[in-house]
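Following: one structure in structure tokens, then a few remarks.
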Amino acid sequence: MPIPEFVQDLRSKIGHDPLWLPGAAAVVYDDDGRVLLGRRADTGQWTLITGMIEPGEEPAPAIVREVEEETGVSVEVEHLVSVDVVGPVIFPNSDVCRFLSLVFRCRYLSGEARVNDDESMDVRWFSLDDLPELNPLHRKHAENARYSTGVPDFVR
């Protein structure tokens, strides 16, 4: 996994100490009601498509960029599904992070789902009835986003 340059710069100053980083996740649905998942190259786990928001980048365009970079799929953000704190995450190199994760429901526009970078070992569409093993939070987001009204639970 390439470490973003801004994180490398921070790490050169603070070492492995905990970092608070903004991230985004996409619950991408196609017209058949299937959700797009990626199998991470570093852990082998199936996950929603996720990524870090670069300094100065708006969250919705960031997740559109991440989905295209990782899967070759073009999407449109429909609405915010959830805001979560994830972590602490301890990486193999001992870096520690907590992520403020903004989860967006996205609509498939075009493209053939494929492994499009070195962050994934597989990319596929899954029906909700046939999801692979996912961490509980990602499963919850996939299920909730399918019928989401566009107003996150924390706002209601």
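Quick grid of which residues meet (1) more than 23 Å from Phe6 (Cα to Cα); (2) surrounded by fewer than 18 Cβ atoms within 10 Å (Cβ to Cβ):
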| site | (1), (2) |
| --- | --- |
| Gly38 | yes, no |
| Ile63 | no, no |
| Val67 | no, no |
| Glu78 | yes, yes |
| Val85 | no, yes |
| Phe99 | no, no |
| Asp117 | no, yes |
TODO: Go through Ser82, Ser74 for me and flag whichever is in contact with a Leu (Cβ under 6 Å, 6 or more places away or on another chain), in contact (Cβ under 8 Å) with a residue 24 or more places away in the chain and of a type in the set (Ser, Thr, Tyr).
DONE: Ser74
TODO: Check the stretch 90-104 and report whether any residue there is over 29 Å from His16 (Cα atoms) and touching a strand residue (DSSP E or B) at 6+ places or on another chain (Cβ under 9 Å).
DONE: yes
Task: Test set (1) of a type in the set (Asp, Glu); (2) within 20 Å of Leu19 (Cβ to Cβ); (3) in contact (Cβ under 8 Å) with a residue 40 or more places away in the chain - Glu57 fails condition number - done: (3)
Open item on the list: Can you tell me which residue is surrounded by the fewest Cβ atoms within 10 Å (Cβ to Cβ) among those in the stretch 1-18 that are more than 18 Å from the chain's Cα centre (by Cα) and touching a residue at least 12 places away in the same chain (Cβ under 8 Å)?
Closed with: Asp17
Task: Hits in the stretch 19-36 - residues which are acidic (Asp, Glu) and open to solvent by less than 60 Å² (accessible area, probe 1.4 Å) - done: Asp30
Open item on the list: Criterion first (exposed (fewer than 14 other Cβ atoms within 10 Å of the Cβ), on the phi > 0 side of the Ramachandran plot and either free of Cβ contacts under 8 Å to residues at least 40 places away in the same chain or not basic (Lys, Arg) (or both)) does Ser94 satisfy it?
Closed with: yes
Task: Contacts under 7 angstrom Cβ, first residue in the stretch 107-135 being over 15 Å from Glu70 (Cβ atoms), partner basic (Lys, Arg), 6 or more apart - done: Phe126/Arg34; Ser127/Arg34; Leu128/Arg146; Leu131/Arg139
Task: Enumeration of residues in the stretch 40-61 that are under 16 Å from Ile3 (Cβ atoms), among the charged types (D, E, K, R) and not in a strand (DSSP E or B) - done: Asp42, Glu54
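The values are calculated or read from the model by the stated rules, or taken from the named source; none is laboratory data. Everything numeric in this text was worked out from a predicted model, so none of it was measured. Note: ideal-geometry Cβ built from the backbone for every residue, glycine included; neighbour counts use all protein chains shown. Accessible surface is based on the protein model in full, side chains and every heavy atom, while ligands, DNA and RNA are left aside. Shrake-Rupley method; radii C 1.70, N 1.55, O 1.52, S 1.80 Å.
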